[in-house]
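Nothing in this text is a laboratory measurement; each read-out follows from the coordinates by a stated rule. All values derive from a computational prediction rather than experimental measurement. Every residue, glycine as well, gets a Cβ built from its backbone with ideal geometry; the counts of neighbours run over all protein chains shown.
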Amino acid sequence: MADTLLRLANDRRTARLVRLLGLPTPVLLERASGGWQAQELAGRTFVCAGGPHARLLADAGAALRAAGARVTESGQPPDAGQPLHGLVFDASGLRDVADLRQLHDFFQPLLRPLARNARVVLLGEAPELRADPVAAAVARSLEGFLRSLAKELGRRGSVANLIQVATPPGADLLLALSGPLQFLCSARCTYVDGQLMRIGHPLADTRSPAGSRRLAGHVALVTGAARGIGAATAARLAEEGARVLCLDIPADRDALYETAARVGGVPFAADVAEAATPQRLVEFVRAKFGGLDIVVHNAGITRDKTLANMPGHWWDQVLAINLRAILLIDAALLDAQLLRRGGRIVCLSSMGGIAGNYGQTSYATSKAALIGYVAAQAPRLAPLGITANAVAPGFIETRMTAAMPFLPREAGRRMSSLAQGGQPRDVAELITFLASPAAGAVSGNTIRVCGQGWLGA
Ligand code: NAI
């Protein structure tokens, strides 16, 4: 659905009026098109720095340069007239309250020269790695700093995120860090804002094939692929070279076949909540592909009513589709050993599952459960080289949100740091990153794609 305010605020003839009326003035967001490029960050300038004892800085600089970025480590902005596209600060060495002053001293002079649509990444250590309570408190303080900074940057269309390293020194950090940092610094990270991405030990198969088409030779299952976020995800995975098995309900067969044809994939008409579906899927995947590399559990429904008014069968429907089907399909695929080494599971959770929503007890129950599910699966699947993560969209412009009444829809759009809704492709970008070899050190995470939505922030 068209976002009229976004259009008016970015049209020279009406921008002044929008400002005079005191309305929010969302910035046009930069979005990458096509597949991931080997030199994805070419032409972008980043200033990188770290305090004393920073242990990630050298790897961060190497990761950015490997993706084609110009990196200056002097802490100085580029020469006048040269755009500054991003900032990366390694705060892993901060241990004491006095050390926190380094955050101010690095960022404060560089925020004004920062271009619109900039990317800011803060690197830190997981607080639980630190035995000393003061050092642990300092590690945790980065989250508050980052989330506030992201709110200040959003009005310029810029995003800021935190990578938290949960491995002790000595692990292969370059391998673990490169993919997440390159993604968060790219024009694919348009609507992921104010988020924390935790990275652990890189699993075996984390090296991306050189160049583009990072998923060449991979097979991906996307449920609910006929439209919306599912269709965008199928298209994005196919762009990276994956063969996509597109699943949706038989009643949506026309849209499903259209999506599958568009992405060069294979349609599979089935209701995920049907008792026979997991076994049918197992047999189809075994016969057609011999195995799977990526599973995106995107199919989901809402049946909203306050709990006092909610019929039992509505509750059951939501829990059956949004939760039980996912658990049963994964169990069937894992039992049949069809999810290959290096495999990726991505579940679509929701902001509702984090913050709760009026009239959405069933939906929020199902979506919160998925957060617990991926956290529990991550360590269990690590020995198989498989990761499990969840993506929690905020307000995304799809049929689901177009159907909302005007006022809640406008509120949903504007109540975020970026003051606008996200596009299905923004969610698809994060899912595709998590599905890629580059995300081998990211598991058990739930990452919001919400433009730093204020609900549950
Ligand atoms: P959508 O309603 O546009 O598309 C969902 C697709 O899932 C449809 O094609 C539908 O036919 C399919 N589906 C529903 N029940 C199914 C079943 N039993 N078996 C197989 N397929 C089934 O939804 P949208 O907006 O693209 O959402 C995708 C996912 O993202 C959902 O899980 C939703 O809960 C989640 N989400 C979406 C948000 C948004 O703002 N659009 C916000 C937060 C979460």
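Observations on the model:
- Overall, the chain carries a charge dipole of about 900 debye about its Cα centre when +1 sits on the Cβ of Lys and Arg and -1 on the Cβ of Asp and Glu, all other atoms neutral.
- Our compactness index for the range 218-263, the C-alpha radius of gyration over the empirical 2.2 N^0.38 Å, is 0.98.
- In the chain, the alpha-carbon atoms span a convex hull of 150 Å³ per residue.
- Fraction in percent of alpha-carbon pairs per bin - 10 Å, the range 37-199: 11, 44, 37, 8, 0
- Using alpha-carbon coordinates, inclination of helix 57-66 to the longest axis of the chain, degrees: 60 degrees
- FRET efficiency estimate (nearest 0.05) - Cβ-Cβ, R112 to E410, R0 41 angstrom: 0.85
- Relative to the longest principal axis of the Cα atoms of the chain, helix 228-239 runs at roughly 70 degrees.
- Between helix 325-335 and the chain: long-axis angle, C-alpha atoms, 0 to 90°, nearest 10: 90 degrees
- For the range 414-457, the Cα-based Rg and Dmax, in that order, read 12.2, 34 Å.
- Size of the range 219-449: Rg and Dmax of its alpha carbons, in Å, are 16.7, 49.
- Full-stretch length increase - M400, W454 - with 0.36 nm per residue and alpha-carbon distance subtracted: 17.5 nm
- Förster-model FRET efficiency, 25 Å R0, E152 and L20, C-beta, rounded to 0.05: 0.60
- Each label point was placed 7 Å from the Cα along the Cα-to-Cβ direction; for R140 and R213 their separation is 4.9 nm.
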